[in-house]
Each structure stands twice: as structure tokens, then as C-alpha cells.
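S.K.: Just dropping this structure here.
The values are calculated or read from the model by the stated rules, or taken from the named source; none is laboratory data. From a predicted model like this one, the values you see are computed outputs, not experimental measurements. Methodologically, a virtual Cβ is constructed for each residue, glycine included, from the backbone with ideal geometry; neighbour enumeration extends over all protein chains shown. For the accessible areas, the whole protein counts, side chains as well, though only heavy atoms, and no ligand, DNA or RNA atoms are used. Shrake-Rupley method; radii C 1.70, N 1.55, O 1.52, S 1.80 Å.
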Amino acid sequence: GIIHGLNGIRIALTSFGMDAQWNDDFHHALHTLVTGERDGYYRDFGSLHHLAKAFKEGFVYSGQYSRFRRRRHGNSSSGRASQQFIVFSQNHDQVGNRAHGDRLSATASPEQLKLAAAVVLLSPFIPLLFMGEECGEKTPFCYFVDHADKELIEAVRKGRRDEFARFGWEKEPPDPQAEETFLASRIRIEEESKTRGSLLEFYRSLIALRKDIRAAGLLSKRVPDVGIFRKEKVLLVADYSHNEGIFCLFSFSEKTTNIDFTPPAGHWYKALDTSLPCRGGNGRETAPSRILSDGSGSRVTIDQWSAVAYRQSGLEN
């Protein structure tokens with residue numbers, strides 16, 4: 001299923017019989033690759049290795065040293081079922097806890113937004129969509145409260161300022177107790193634009209693709225193949241475990257690049273290309289529509305900040 005986050009419900013993966021947990025590590029790994037941010041807890045992330053580990057194991061930090069915390073952090077989640085993790089590119093914590101509640105759409109390009117959506121929705125985990133992200137909503141979602149205790153209100157204000165100092169956000173944040181902060185955070189769903197409409201249609205098609213590939217048994221469990229093309233800044237996520245395979249290439253590069261690798265032999269057809277004109281892309285088709293692999297190696301050209309996915313029917317062993 002897909003969780004659509006409103007105020008969000010944090011679910012703990014504990015011995016209390018609950019089912020799944022938000023994976024902030026996945027978010028941090030993806031966010032830093034898209035935005036380049038490295039302040040605060042983002043300093044512990046920023047490489048393709050982090051996102052690859054999130055795909056393979058769930059948690060990125062499993063006991064190694066955290067520069068942000070200045071100590072070892074985390075426990076291994078290797079072996080946990082993929083449906084025990086909820087992943088996202090945005091949620092009410094990660095947006096609301098920013099100094100000015102700026103969404104990813106406030107700074108990321110349309111290409112980067114589509115790439116982030118593809119990474120989340122084509123993962124083996126449970127995806128969460130933050131309210132309005134499917135339309136590229138740019139209205140901020142600020143942290144707001146409605147407390148009666150004056151001491152508590154001041155404590156919240158001080159806590160917010162102290163937290164932001166760790167990120168280097170110097171500008172004074174909106175007052176969390178002010179009604180104006182709440183009103184400014186309401187989405188404006190009535191606003192129409194070409195970008196909003198095309199992005200919403202893209203999300204619909206991406207969700208349909210996710211349903212289709214999971215119905216075929218693909219990307220529904222722990223992904224068996226994750227590869228890193230470090231120089232090209234491309235992540236490969238593949239599932240060749242069924243007679244109908246799939247591989248996805250996620251490019252975090254600022255330029256068009258060539259990827260050489262070896263998918264199983266057979267005919268592969270393109271199921272997704274975020275750079276196509278029909279997806280609001282740059283107007284050219286860079287990645288080939290079909291690949292005939294003899295098992296000895298293939299080349300795929302992929303645009304900057306884009307995602308492509310290829311599927312195969314009847315894998316040849």
C-alpha cells in the first residue's frame with residue numbers, strides 16, 4: 001500500500017506488535033543527494049553508498065560512527081522484511097522541522113522532484129507521500145502549536161532556535177504559536193498550473209507502474225541487486241528473481257552519462273523515463289526504448305537528474 005501523510009503517524013518497529021517504522025535514514029540519504037545539503041544530521045549522509053545501503057538493509061547507520069552525534073549510532077536492520085519500512089522524500093517532520101518549513105519543491109527542479117518520487121515509489125518499501133508533494137506544492141509547512149502554558153510556549157521557541165543553529169539557519173523562524181504560521185502552512189490545492197498538472201499525472205502513472213510490477217512479484221521483497229556507479233553518480237536497483245525482471249537506473253548527475261553493465265540476456269523494454277517530453281522532460285529521448293542483451297554487457301545513456309526503468313518478459317537463463 002501507499003501511505004499519504006497528513007499529520008503523519010509514527011509507527012514503531014518494536015516488540016509491541018506494531019508493523020512498520022519510518023526510515024529517516026532513507027530520507028536523509030535521498031535528500032542529500034538531491035539537494036547537496038550537508039548541515040546538521042545531513043552531514044552523516046551524501047554519498048550513493050548511503051542510499052544503496054538503505055535499499056539493501058533499511059537503516060544506513062547500524063553501529064558505525066556518526067559525525068553529527070559524535071558517537072556510534074544505530075543498529076542493524078539487515079534481514080528485516082521490506083514492508084517493515086516506510087520511506088519518503090518528504091514528511092511532516094522533515095519539512096516542518098526546517099526553519100521555514102520549505103518543501104523539496106521550493107528548491108528542487110521538476111527533474112529532481114520526479115527522480116525523488118521514482119526512488120521512493122520504485123523501492124521495495126512502503127512509500128509515504130507528503131500532502132501536496134504529488135502536485136509540487138510550494139506552500140511551506142511550518143512547525144506550529146497551540147499551547148496554553150506560557151512556559152511551554154517559550155520552551156518550544158527556544159528549542160526551535162537551538163535546533164536551527166546546528167543547521168546554520170540564522171534567519172529567525174516563524175513563531176510556532178502564532179496563528180499566522182498555521183494559516184501560511186495550508187496547502188492551496190485550488191491553484192492550477194501546467195507544472196502541477198503534469199507532476200500529478202506523473203505520480204499517477206508512477207503509482208500504476210508500482211502496482212503493476214508488484215503484481216508481477218517484482219520489487220516486493222528485499223531487493224537482491226543494488227549497484228553503484230560512483231563516477232557517473234548513478235544507482236542501479238534490480239530484481240531478476242522472477243521470469244519477468246526489472247532494473248532501475250537513478251541518475252543524480254548534473255550531466256548526461258553512459259552506464260555500462262550486464263543485465264540478464266533477453267529483450268528489455270523501457271517502462272519509465274522521467275526525461276521524456278510526456279513527463280515534462282527536456283524534449284529528447286536519450287535512453288533507448290529497447291535493449292537487446294546477450295548477457296555480455298549493455299550500455300544505457302541516461303539524462304541528468306532522471307530515472308529510467310526497464311522490464312523483461314521471459315528471462316533467458
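S.K.: Determine which aspartates and glutamates satisfy two conditions relative to Lys221: a Cα distance under 13 Å, and not lying fewer than 8 residues away in the same chain.
M.R.: Once the sequence-local aspartates and glutamates are set aside, what remains near Lys221 is Glu57, Asp239.
S.K.: Multiply the residue separation of Arg188 and Glu244 by 0.36 nm, subtract the distance between their alpha-carbon atoms, and state the gained length in nm to one decimal. Write out the running numbers ahead of the final one.
M.R.: Details: separation 56, 0.36 × 56 = 20.16 nm, distance 4.15 nm.
In short, 16.0 nm is gained.
S.K.: Express the accessible area of the chain per residue in Å², computed with a 1.4 Å probe while the remaining protein chains stay in the model. Show your work: numbers first, answer last.
M.R.: Numbers: 15460 Å² over 317 residues.
Ligands and nucleic acids excluded, the result is 49 Å² per residue.
S.K.: Quick check: net charge around Arg80, other residues with Cβ under 9 Å of its Cβ, Lys/Arg +1 and Asp/Glu -1? Walk me through the numbers on the way to the answer.
M.R.: Values: positive: Arg222; negative: Glu57.
That works out to 0.
S.K.: Between Asp19 and Gln64, 0.36 nm times their residue separation minus their Cα-Cα distance comes to what?
M.R.: Working: separation 45, 0.36 × 45 = 16.20 nm, distance 2.58 nm.
Fully extending the segment from Asp19 to Gln64 adds 13.6 nm.
S.K.: What residues from region 205-236 fall in the zone where the backbone N is under 19 Å from a label point 7 Å along the Cα-to-C-beta line of Arg38?
M.R.: 230-234
S.K.: Whole-Hz Karplus ³J(HN,Hα) for region 65-78, in order, using 6.51 cos²θ - 1.76 cosθ + 1.60 and θ = phi - 60°, x for Gly and Pro?
M.R.: 6, 9, 5, 5, 8, 6, 6, 5, 9, x, 9, 5, 10, 4
S.K.: Between rounded, prolate and oblate, where does region 88-147 land on the alpha carbon gyration tensor, with a ≥ b ≥ c its root eigenvalues, rounded for a/c under 1.5, else prolate if a/b exceeds b/c?
M.R.: Values: a/c = 2.63, a/b = 1.55, b/c = 1.70.
Here region 88-147 falls in the oblate category.
S.K.: Rounded to the nearest percent, how much of the accessible area of region 81-176 (1.4 Å probe, protein heavy atoms only) is carbon and sulfur?
M.R.: On the way: 2060 of 3910 Å².
Roughly 53 percent, rounded to a whole number.
S.K.: Apply the Karplus curve 6.51 cos²θ - 1.76 cosθ + 1.60, θ = phi - 60°, to the phi angles in region 287-301 and return the couplings in whole Hz, x for Gly and Pro.
M.R.: 3J(HN,Hα) across region 287-301, in whole Hz: 6, x, 6, 9, 10, 9, 9, 9, x, 9, x, 9, 10, 10, 8.
S.K.: While we're looking at this one, here's another question. What residues qualify as long-range amide H neighbours of Leu129, i.e. H under 5 Å apart, gap of 5 or more or another chain, H built at 1.01 Å from N?
M.R.: The answer is Ile3, His4, Gly5.
S.K.: Continuing with the same structure: If you take the Cα Rg of the chain and divide it by 2.2 N^0.38 Å, with N the number of residues, what do you get? Before the final figure, lay out each step's value.
M.R.: Values: Rg = 20.4 Å, N = 317, 2.2 N^0.38 = 19.6 Å.
The reported ratio for this selection is 1.04.
S.K.: HN-Hα J couplings of region 198-213 from phi, Karplus 6.51/-1.76/1.60, θ = phi - 60°, integer Hz, Gly and Pro as x?
M.R.: So the J values, rounded to whole Hz, are 5, 5, 4, 5, 4, 4, 4, 5, 5, 5, 5, 5, 4, 4, 5, 6.
S.K.: Here is a follow-up. Could you list, in their original order, any pairs among Lys114/Lys171; Lys114/Lys231; Lys56/Lys231; Lys211/Lys270; Lys150/Lys171 whose Cα atoms are separated by more than 25 Å? Intermediate results must be reported in sequence, preceding the final value.
M.R.: Values: Lys114/Lys171 30 Å; Lys114/Lys231 22 Å; Lys56/Lys231 20 Å; Lys211/Lys270 16 Å; Lys150/Lys171 23 Å.
As for pairs spanning more than 25 Å Cα to Cα, those are Lys114/Lys171.
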